Amino acid sequence: MGGSLADGGGVIEFYQVEKHLGGRAVLQGVSLRVAAGERLGVVGPNGSGKSTLLALMAGEMTPDAGRVRVADGVRIGWVRQIPTARTGDETLLEFVESGRSDLLALEREIRALDEQIHRAGREEAGPLLERIGALQTRFEHEGGYRLRSRAQQALSGLAFAQEEFSRPFLSFSGGWRMRAELARAVAAEPDLLLLDEPSNYLDIPAVEWLQGVLETFPGTLLLISHDRFLLNGLTTETLEVHVGRVTRYRGSFDWYRQERERRIEQAAAEARNLDRERRRLERFIERFKATSSHSAQAASRQKQLARLGEAIPVAADWLARVRFRLPPAPSSGEVVLRLEGVGHSYDGERWVLKGIHLQIRRGERWVVIGPNGAGKSTLLRLMSGQIPPSEGCVHWGSRVVTAYLSQDFEETFERGRTAYETVRRAAPERGEAEIRAVLGSLGFWGEAAEKRTEILSGGERVRLGLARLLARPANLLILDEPTTHLDLPAREALEEALALYDGTLVVVSHDIAFVRRIGARVLELTSAGIRAYPGAYDDYAEWRERQERGRTDAAEEPVRSDARREQRRRRAEIVQRHGRIKRPLEEEVTRAEEAIERLEREQ
């Protein structure tokens, strides 16, 4: 790696790169050039090689064939999967600052020169002063005097408390270490920033903070994510990593998706045309090869057939929609769940939740949001009956049947049981064929249904949890981060199923696109307690923005305005009206294309 890129303006270049992992070709013959300032989303199915692509760029891996070249002087920010401290007592703030080891080295050199100046005589001090002046100018130009404030701002934006800045980095849990690693990469102000699923360990406020920071990031950005909110908001081009190849699309995720469908349809049409032409030539050759009067023509057709070659294989659409439907919710009482003065402490000393009063009615949909550590998962455990409250009471309404999907799979999955046995125990009244059909709809076909729970990947465990929901009808769904580890098709299938679900729903999620799609109202959980807001997430976000700007009184409720409802109604009418005009024109275009194709065949 290393060297200047000949064309100028380039940051990184791949030339015929190949990489094998576990005996499998992850990348094959990849050639790619990333220009300065580009903002690229990296998408593809799980296990396709997206993380490998970024690891090669960061120098964490080397290619098995081909070459990777990084332009001279390019500073790379890379969010490592396993963050490590330099020393056992390195503080959180020191860890974040270590992303600019070059500035820390400059600072050490300046201090060492300063000490030499105090010990040196007058004649020796002159050259030392010149040297220290040059270093200080460079330190200031590189942003050294702003490094600490940038590190503190990044940590605060990711919900670290100021008193935690001096805590040892190794004293934090894995999720918080990943947040610190993200702060380390952002605070370093790199030329090239490589982010691999940065929202996995973030709550909604932190995701919004990250989006705000990256919107103004002046360097080159490569972002691996299943979060459509981030992909559409931050990237202008898309790299698809699939079946060993990397394909560039000129547009953000939504545009990429439409363009990919068009390319797949076009490739399939070309393959059909090629197949028809091949069969036509083969029929002619078979019919006339033994006929002396047409033998020359048959030989000519044989040459044409040889020139046709094989059709370019059409890769399976990894974004093909997965579909499943939750069973109808059994009838329940009007009040589904009521919490009265609920509090909980795991150690008997520190209260995670205190004084929670809440009532949920039949058919309501709520998304619980709040910073990490506010007690969101604990609240869902209490609602589902997984743990009893330390104080207060949890009351379930009449005929309430609860289904709970935990973020911690050890809570609800028994080790040693297969996927089939897990679902069968949840719904003993269902027959084997029904159970296997449910498992198959979520990717557990054949032998996959016999996998044991302890060897399942994160995505497989989430899908197994969803299979249990499908197998056993429930009228109260309680879901804790259900989209974590799911790829895009599975996320969208879950969104669609929940949008059609007719029961009561309580969910914790950091996926803003998911929260918007299911149309849930907001329960905000803070250190001061819990508060319910009318309206969906966008109404809550708009209210909070006004409040932060000082235009809303703290006691004012966010209200979905009549003006916004009217605006949405008018927009829907316009879409419908345009659809009525557009549909017959599209049908006419289709008929014209079919006529052209027919005439070309006749010609």
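The values are calculated or read from the model by the stated rules, or taken from the named source; none is laboratory data. All values derive from a computational prediction rather than experimental measurement. Positions of Cβ are backbone-derived with ideal geometry, glycine not excepted, and every protein chain shown enters the neighbour counts.
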Matching residues in segment 239-256 - criterion: being assigned to a helix (DSSP H, G or I), out of contact with any helix residue (DSSP H, G or I) (no Cβ under 8 Å at 6 or more places or on another chain) and surrounded by fewer than 17 Cβ atoms within 10 Å (Cβ to Cβ): Trp255
Out of the residues in segment 215-238 that are closer than 28 Å to Ala374 by Cα and free of Cβ contacts under 8 Å to residues at least 24 places away in the same chain, state the one that is surrounded by the most Cβ atoms within 10 Å (Cβ to Cβ). Gly233
Given the criterion free of Cβ contacts under 8 Å to residues at least 60 places away in the same chain, in contact with a helix residue (DSSP H, G or I) (Cβ under 9 Å, 6 or more places away or on another chain) and more than 19 Å from Thr484 (Cα to Cα), identify the matching residue among Gly341, Gly416. Gly416
Would you check if Arg531 is within 24 Å of the chain's Cα centre (by Cα) and either among the basic types (Lys, Arg) or not assigned by TED's automatic domain parsing to the domain that holds Val367 (or both)? no
I'd like the full set of residues that are within 30 Å of Val367 (Cβ to Cβ) and surrounded by fewer than 23 Cβ atoms within 10 Å (Cβ to Cβ), limited to segment 182-201. Ala185, Asp196, Glu197, Asn200, Tyr201
Considering only segment 485-497, I want to know if a residue exists there that is at pLDDT 85 or above, of a type in the set (A, V, I, L, M), farther than 23 Å from Gly458 by Cα and under 23 Å from the mean Cα position of the chain (by Cα). no
Residues located in segment 457-483, provided they are surrounded by fewer than 20 Cβ atoms within 10 Å (Cβ to Cβ) and either part of a loop (DSSP other than H, G, I, E, B) or touching a strand residue (DSSP E or B) at 6+ places or on another chain (Cβ under 7 Å) (or both): Ser457, Arg472, Pro473
For segment 344-384, name all the residues that are hydrophobic (A, V, I, L, M, F, W, C) and in contact with a His (Cβ under 6 Å, 6 or more places away or on another chain). Val352, Leu353
Can Ala426 be described as surrounded by 17 or more Cβ atoms within 10 Å (Cβ to Cβ) and over 28 Å from Asp502 (Cβ atoms)? no
Quick one: in segment 327-385, of everything that is assigned to a loop (DSSP other than H, G, I, E, B) and among the polar types (S, T, N, Q), which residue is surrounded by the fewest Cβ atoms within 10 Å (Cβ to Cβ)? Ser331
Residues in segment 512-543 that are out of contact with any helix residue (DSSP H, G or I) (no Cβ under 9 Å at 6 or more places or on another chain) and more than 20 Å from Ile360 (Cβ to Cβ) total 3
Filter result for the condition that a residue is closer than 30 Å to Ser199 by Cβ and touching a strand residue (DSSP E or B) at 6+ places or on another chain (Cβ under 9 Å), over Val17, Val96: Val17
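Yes or no, residue by residue, for (1) under 30 Å from Arg245 (Cα atoms); (2) buried (at least 18 other Cβ atoms within 10 Å of the Cβ):
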position: Ser48; (1), (2): yes, yes
position: Leu53; (1), (2): yes, yes
position: Leu56; (1), (2): yes, yes
position: Asp64; (1), (2): yes, no
position: Arg80; (1), (2): yes, no
position: Ser101; (1), (2): no, no
position: Arg131; (1), (2): no, no
position: Arg138; (1), (2): no, no
Of (1) under 18 Å from Arg184 (Cβ atoms); (2) modelled with pLDDT of 90 or more; (3) touching a helix residue (DSSP H, G or I) at 6+ places or on another chain (Cβ under 6 Å), Leu103 fails just (2)
Do we have Pro83 as at pLDDT 90 or above, touching a Lys or Arg at 6+ places or on another chain (Cβ under 7 Å) and either assigned to a loop (DSSP other than H, G, I, E, B) or of a type outside the set (D, E, K, R) (or both) here? no
Residue check, Ala471 outside the structural domain of Tyr201 (by TED's automatic domain parsing), under 16 Å from Arg325 (Cα atoms) and aliphatic (A, V, I, L, M): yes
One residue is enough: does segment 499-508 have a residue meeting the conditions among the polar types (S, T, N, Q) and in contact with a strand residue (DSSP E or B) (Cβ under 7 Å, 6 or more places away or on another chain)? yes
Of all residues in segment 139-178 being among the basic types (Lys, Arg) and without any contact (Cβ under 8 Å) to a residue 40 or more places away in the chain, which is farthest from Arg80 (Cα to Cα)? Arg146
Could you look through segment 12-31, keep only residues that are touching a helix residue (DSSP H, G or I) at 6+ places or on another chain (Cβ under 9 Å) and buried (at least 18 other Cβ atoms within 10 Å of the Cβ), and pick out the one that is nearest to Val246 (Cα to Cα)? Val30
Only listed residue being part of a helix (DSSP H, G or I) and either farther than 24 Å from Val186 by Cβ or of a type in the set (Gly, Ala, Ser) (or both), chosen from Glu18, Glu94, Glu109: Glu109
Can you tell me how many residues within segment 146-170 are outside any loop (DSSP other than H, G, I, E, B) and not acidic (Asp, Glu)? 16
Do you know which residues across segment 449-463 are farther than 11 Å from Arg417 by Cβ and either basic (Lys, Arg) or outside the structural domain of Arg436 (by TED's automatic domain parsing) (or both)? Arg461, Arg463
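Conditions (1) at positive phi; (2) in a loop (DSSP other than H, G, I, E, B), marked per residue:
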| residue | (1), (2) |
| --- | --- |
| Arg436 | no, no |
| Gly443 | yes, yes |
| Leu498 | no, no |
| Asp502 | no, yes |
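Matching residues to (1) in the same structural domain as Glu524 (by TED's automatic domain parsing); (2) within 13 Å of Leu525 (Cβ to Cβ); (3) among the hydrophobic types (A, V, I, L, M, F, W, C):
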site: Glu340; (1), (2), (3): yes, no, no
site: Val368; (1), (2), (3): yes, yes, yes
site: Lys376; (1), (2), (3): yes, yes, no
site: Leu382; (1), (2), (3): yes, yes, yes
